[in-house]
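First up is the structure itself, then whatever we jot down about it.
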Amino acid sequence: MNSSSPAAFPDPIDSKLISDMLEYGGEAPPTAFASPTCAKCKGNVFTILMNDLEGVAARICAGCDDEHGIGDSDDFVDEVDSVESAICTCGGEQFRIAAGVSLYKESQDVRWFFLACRCEKCELSGVYADWKSESGDLKALLARV
Ligand SMILES: [Zn+2]
Ligand SMILES: [Zn+2]
C-alpha cells in the first residue's frame, strides 16, 4: 500500500467513549482508538447511519453534510439493504464519536471494531455498534474512521 499517512487526529479522544468501549468489549477490549474529524470542515459532530448486523456505518457531518463510511464500511455498503439513524434515548441524533479496535493476540490484525457515540444534546454516551472486522490492518482501518 502506498497511502500517505493520515493527519494526526487533532482532537483528544473522549475518555468516556473509551471507557464505554473498554467496558463493552469484555474479553476482547479495544486497544487502539480514533476519533474522526470531518475532512472538509473539520467538524466533529455527526449524524450516524448504520446497519449493525451487516457491520456498516456512515457519518454525516452536522456542519457541511459530508458523508463518510466509517472504518471499512465502504467495502461492504453495497451489500446492505437498509440503514438506520442512530438515535439517543433523548431523541438526539447528533453525536461526537470514537472508534476502537481490538486485535488478535500478538498481532496487528483487527478482530473487532467498536463505535461509541456521545449525544450532543444530553451527553449520554454508549457503544452504538460493533462488528467483526476482516479488514486486517489496524492503522489503515483507524485512518478511515
Ligand atoms: Zn464537515
Ligand atoms: Zn441524548
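Descriptive notes on the structure:
- For the range 88-108, the criterion of being of a type in the set (D, E, K, R), away from ligand 1 (no atom under 16 Å from the Cβ), on the phi < 0 side of the Ramachandran plot and assigned to a strand (DSSP E or B) is satisfied by no residue at all.
- Filtered by the rule that a residue be assigned to a loop (DSSP other than H, G, I, E, B) and at pLDDT 95 or above, the range 13-29 gives no residues.
- Residue satisfying all of: in the range 39-87; of a type in the set (A, V, I, L, M, F, W, C) and touching a Pro at 6+ places or on another chain (Cβ under 8 Å); nearest to ligand 1 (Cβ to nearest atom) among these: Phe46
- Qualifying residue in the range 58-66 (condition: closer than 24 Å to Glu23 by Cβ and in contact with a His (Cβ under 9 Å, 6 or more places away or on another chain)): yes
- Whichever residue in the range 32-59 is aliphatic (A, V, I, L, M) and assigned to a loop (DSSP other than H, G, I, E, B) and, among such residues, is nearest to the chain's Cα centre (by Cα): Val45
- Hits in the range 60-86 (condition: within 15 Å of the chain's Cα centre (by Cα) and either of a type in the set (S, T, N, Q) or within 16 Å of ligand 2 (Cβ to nearest atom) (or both)): Ser73, Ser85, Ala86
The values are calculated or read from the model by the stated rules, or taken from the named source; none is laboratory data. What you are looking at is a predicted structure, and each value in this text was computed from that prediction instead of being measured. Positions of Cβ are backbone-derived with ideal geometry, glycine not excepted, and every protein chain shown enters the neighbour counts.
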